[in-house]
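The values are calculated or read from the model by the stated rules, or taken from the named source; none is laboratory data. What you see is a predicted model, and the numbers here were worked out from it, not measured in a lab. No Cβ is skipped: glycine too gets one built from the backbone with ideal geometry, and neighbour counts run over all protein chains shown. Ligands, DNA and RNA are excluded from the accessible area calculation, which covers all protein heavy atoms including side chains. Shrake-Rupley method; radii C 1.70, N 1.55, O 1.52, S 1.80 Å.
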Amino acid sequence: MSAPWLRHPVLWVFLVLSGLTALWMAIGAPVALITQIAIYVLYGAGVNLLVAYTGLVPFGASVFFGCASYAVAIALTNFLSNEFLALAFAVVFSMVLAAIIAVIILRRKGLYFSLLTLAFSQIAFEIAFKWTALTGGENGMQGVPRKFFATDLSFHVFVVLTATLAMWLLWRMVHSPFGRALQAMRDNELRMRSLGYNTFALKFVAFILMGGLIGYGGGLLSLVLRGAYADNLSWQHAGDALLMTVLGGVHQFLGPLFGAIVFTLLQDQLSSHFEAWWLIFAPIIIAFALLSPEGVVGLVQRLMRHERWTLVRPTIPPRPAVIPPLAKSEIKADPTKPILTVERLSKRFGSLVTANDIALDVYPFQLHSFIGPNGAGKTTFFNMLSGVFAADGGTIRFEGRDVTRTPMHKRALGGIGRSFQILSVFPQLTVFENVRIAVQVKESGGIARGLRGYFGDGHADEPVNLRVWSLLQAVGLEDQAALLCVNLPHGAKRLLEIAITLATDARLLLLDEPLAGLAEADRQVVSSLIRRLADTHAVLLIEHDIDRVLKLSDRITVLHQGRLIADGKPADVAANPEVISAYLGAAGEEESFAHAAAMPLAADAKELLRISGLSVGYGGGTVLSEVDFIVREGEAVALLGRNGVGKTTTLRAISGTLRPQAGKVSFAGRDITHLPTYEINRAGISLVPEGRRLFPNLTVVENLRIAARAGGISIEEVFALFPRLQARQRARAENLSGGERQMVAIARALVVPSRLILLDEPFEGLAPAIVKEVREALVRLRGKVAMVIVEHHAESVLPITDHAYVLVNGRVAYEGSARILETDHILQARLLGVVHVEDLPADAGA
């Protein structure tokens, strides 16, 4: 037997159940208890199909378990004489029951979904308990015949074999195109809809399959007990399967196996010795939840120092020796006729108007940029075009068809693809699987087709695999294909988002800030790719890199406060006074930043932060290696580097959210290397994270007050630093523009007594005028508080900082004056891959 087969989880299901059987027979104990364990494995596996693979948590899956046991009992005592037919009847009955319940509850999410399943279980309990003529009431149904399995051992062998077979089918299914789609939906349902998947249909089928699997287990239980009882439907037992799954490990394929063993054996032993056995059982469950969130399997993994999810194989298809270049495809369209027509499109959220009678035509084979200040309504416009939001008024026509009320997934299948401003990927899938999910939607039609769609290996489709490799190569991620997306740096996730969008073969591409968070070298690659796509497709682009927008675009439309203020050729739009006032900002403002570099740091500035020999990584790998780093009182330091070199990792290590593998972090003479995050913050270090991470349901002032401590700046001082926040102080964070959120995030770090502020990509996704406001605020802070600024735009941060560090491959490759690095374009090109836009030839990227 080969080594891979020895590690196959289904083999271990069989071996463990067989081993328990042999042990019980050796000690002369009845095998019925092990039969019950095998049945509970199916029960737990059915629940885990929803919890771990689909992202739904059923509190009342017992409705299928209990009803199926009654189905077998009623069938065998009334109209069937064959256990096999009775079990088949129970499975079909459970699947029909699951379909009915799914239609009613699948539109609900979260706690509401969970409680509704529990409600159905309780309804079934009341019916079983009170319909005495059919179910036997509180006495249940007894004396169920079992003529084909005269002995407990023969029936036990049947249960173990069929349970193993069911787990093998489940293992096949979770690796199929359908199973892979479930896991992607678990991670990001909105992204799945944007790719063309019918997520309701995916959940509907998964719910029915869960009902069938649990129903088979419930039918087997009826044959074990030779009867059916209402107890399995009561609320006291409704959560048994979920408890078993948690005990074994939710994100482990073998979790239901070990959870069923622990649950059943503990229950059997404790209940035989203690009347109030739950008083002992409950603390054991609590201890597992606290000490090992991934249950028994997770505990073993921790002891072996190899913690990971084991829901699917940790492999991807082999990389071809030669990856074919991404095939150039051109849509069939008349360049003189618009592919997208928007007429009088309107949208408001309460009193906030984000779209006011917008009329726009988008033509094929053009790069049409859609720009405007933060909060102008650009992303809302994209959300209406793609179907995330319904428009309040107006019409959207795509290729002549009215799609205004068309569901999101049908628009995607029809040819409208999009990327998202806020990264929208599948964090717990590999890089390869992220893209493959997008590629497979074309052949799956938004769910799955045929037996192969449900039980075939999704990684066995060579044409799909080749296209995935080509897409990854096009964005430079082919070497990271096997990594989990959650472990990627921000810039690589942005590249992955672009690859996912391109995978759909859409005829109209809606690209929402695709360059945000990318280092200069990657921005050049992606810009060139977008320009080539515009020559063969229709591209509508939202982007704040105004120099590239002007250089690459065929046409520009400007949105401000929900209305269009300009539309035309790039040069004409750039010269429009209203555009300059609302978006670009007045000319000559850069001079203040040029003078910022001339502000000398105090000669007697003391050392505040020292990093010595720091090595940090993820999942056993090393990202930073022996990094040395110094920040002085009041000093502004730029931390630069290409994507993935460890800039954000450095900030995480300083702030305590990531534990170093080696090295030391000292702050104000104190070793803070192993302090918890909250103590590091109280020591005087505040983090302004990438993505801002405000409390969305709190207002501006509430976000600040919840963080404020004695010694920090006052709310009035915040408004003096960021005047526009005073006007928006009562607005909830979820309704703020990207620029306003960034201002609140910086202010939140100042209302605590901070001596050092770590800023992670503070200018990402901001309009040019807002970038200037934020930079002006940072200049005013210089000398008052030390800052470490991570930023991919070297030209934005170097003029306002004193010192610069550049990371290359996880090590410091440059340390010195920010002014020297700012003026040395050759050095920037060598270390950062930066080619300044003004130095590019006119046809760059074409």
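What are the semi-axes of the equivalent ellipsoid of the chain, taken as the square roots of 5 times the eigenvalues of the Cα gyration tensor, listed largest first and rounded to whole Å? Let's see the in-between values first.
Values: eigenvalues 584, 211, 127 Å².
Taking √(5λ) for each eigenvalue gives 54, 33, 25 Å, largest first.
Using the Cα centre as the reference, give the magnitude of the dipole from point charges on the C-beta atoms of the chain (Lys, Arg: +1; Asp, Glu: -1; all else neutral), rounded to the nearest 20 debye. Let's see the in-between values first.
Values: 77 positive and 72 negative charges, 298 e Å.
Dipole of the chain, to the nearest 20 debye: 1440 debye.
Could you work out the equivalent-ellipsoid semi-axes for segment 152-292, taking the square root of 5 times each eigenvalue of the Cα gyration tensor, largest first, in whole Å?
Numbers: eigenvalues 192, 86, 41 Å².
Sorted largest first and rounded, they come to 31, 21, 14 Å.
Treating the Cα atoms of segment 192-266 as identical point scatterers in vacuum, please give the log10 of the normalised Debye intensity I(q)/I(0) at q = 0.13, 0.19, 0.23, 0.24 Å⁻¹, two decimals.
So the normalised log intensities work out to -0.55, -0.98, -1.18, -1.21.
Taking every DSSP beta bridge with both residues inside the chain, roughly what % is antiparallel (nearest 5)?
55
Taking every pair of distinct Cα atoms and averaging 1/r, then inverting, what Kirkwood hydrodynamic radius in Å comes out for segment 287-428?
Working: mean 1/r = 0.0510 Å⁻¹.
Taking the inverse mean of 1/r over all distinct Cα pairs, segment 287-428 comes out at 19.6 Å.
Please list 421-428, 537-544 highest first by mean number of surrounding beta-carbon atoms within 10 Å per residue. Could you put the intermediate results ahead of the total?
Numbers: 421-428: 18.4, 537-544: 25.0.
So the order, starting with the most tightly packed, is 537-544, 421-428.
Could you work out the pair-distance distribution P(r) of segment 699-846 from its alpha-carbon pairs, with 10 angstrom bin width and percents rounded to whole numbers?
10, 35, 31, 17, 6, 0
Using packing as a proxy for protection, rank 433-442, 311-320, 92-101 so that the peptide with the highest average count of other Cβ atoms within 10 Å comes first. Walk me through the intermediate numbers first.
Working: 433-442: 25.3, 311-320: 15.6, 92-101: 19.0.
Answer by packing, highest mean first, reads 433-442, 92-101, 311-320.
Over segment 35-109, what portion of Cα pair distances is larger than 21 Å, expressed as a whole percent?
Numbers: 889 of 2775 pairs.
Every Cα pair in segment 35-109 considered, those over 21 Å come to 32 percent.
Label D824 and V103 with points 7 Å out from Cα along Cα→Cβ: what is the distance between them in nm?
7.2
Quote the charge dipole size of segment 166-242 about the Cα centre in Debye, to the nearest 20; the model charges only the Cβ of Lys and Arg (+1) and of Asp and Glu (-1).
Values: 7 positive and 4 negative charges, 64 e Å.
Value, rounded to 20: 300 debye.
With a cut-off of 8 Å between alpha carbons and a minimum separation of six or more residues, what is the relative contact order of the chain in percent? Can you show the working numbers first?
Values: 1642 pairs, mean separation 97.8, N = 846.
Relative contact order here is 12 percent.
Report, to one decimal in Å, the Kirkwood hydrodynamic radius for segment 106-230 based on all distinct Cα pairs.
Radius from the Kirkwood sum: 17.5 Å.
On average, how much accessible surface per residue is there in the chain, in Å², for a 1.4 Å probe, leaving out ligands, DNA and RNA?
Values: 34790 Å² over 846 residues.
Dividing the accessible area of the chain by its residue count gives 41 Å².
How far is it, in nm, from the label point at L6 to the one at R610 when both lie 7 Å from their Cα along the line to the Cβ?
With each label point 7 Å from Cα toward Cβ, the separation is 5.1 nm.
Say R0 is 45 Å: what FRET efficiency, to the nearest 0.05, do D479 and S581 get from their beta-carbon distance? Write down the numbers at each step before the final one.
Values: r = 46 Å, r/R0 = 1.01.
Working from the Cβ atoms, E equals 0.50.
Stretch W278-Q729 to full length: gain in nm at 0.36 nm per residue minus the Cα-Cα span?
Numbers: separation 451, 0.36 × 451 = 162.36 nm, distance 5.12 nm.
In short, 157.2 nm is gained.
Once phi is turned into ³J(HN,Hα) by the Karplus curve 6.51 cos²θ - 1.76 cosθ + 1.60 with θ = phi - 60°, what whole-Hz value does each residue of segment 132-143 show in order, with x for glycine and proline?
4, 4, 9, 10, x, x, 5, 7, x, 10, 10, x
So which lysines can K442 reach, going by Cα to Cα under 29 Å and dropping same-chain residues fewer than 8 places off?
K109, K203, K328, K332, K337, K378, K410, K493
Only helical DSSP H runs with n ≥ 4 go in: add -39500 (n - 2.57) per run for the chain, normalise by residue count and round the 222 nm mean residue ellipticity to 500 deg cm²/dmol.
Taken over the chain, the calculation gives -14500 deg cm²/dmol.
Using the per-residue mean of other Cβ atoms lying within 10 Å as a proxy for protection, in what order, highest first, do the peptides 177-183, 578-584, 705-711, 630-636 fall? Write down the numbers at each step before the final one.
Values: 177-183: 25.9, 578-584: 17.9, 705-711: 12.6, 630-636: 21.4.
Descending packing order for the listed peptides: 177-183, 630-636, 578-584, 705-711.
Once you treat every alpha carbon in segment 298-373 as an equal point and sum by Debye, what is log10 I(q)/I(0) at q = 0.14, 0.21, 0.22 Å⁻¹?
Summing over Cα pairs of segment 298-373 leads to -0.76, -1.09, -1.14.
Of the accessible area of the chain, with the probe set at 1.4 angstrom, what percent is carbon plus sulfur? Kindly include the intermediate steps, with their values, before the conclusion.
Values: 20390 of 34790 Å².
On the chain, the fraction of accessible area on carbon and sulfur atoms equals 59 percent.
So between V92 and S351, what do we pick up on full extension, going 0.36 nm a residue minus the alpha carbon distance? Before the final figure, lay out each step's value.
Numbers: separation 259, 0.36 × 259 = 93.24 nm, distance 5.18 nm.
Extra length available between V92 and S351 comes to 88.1 nm.
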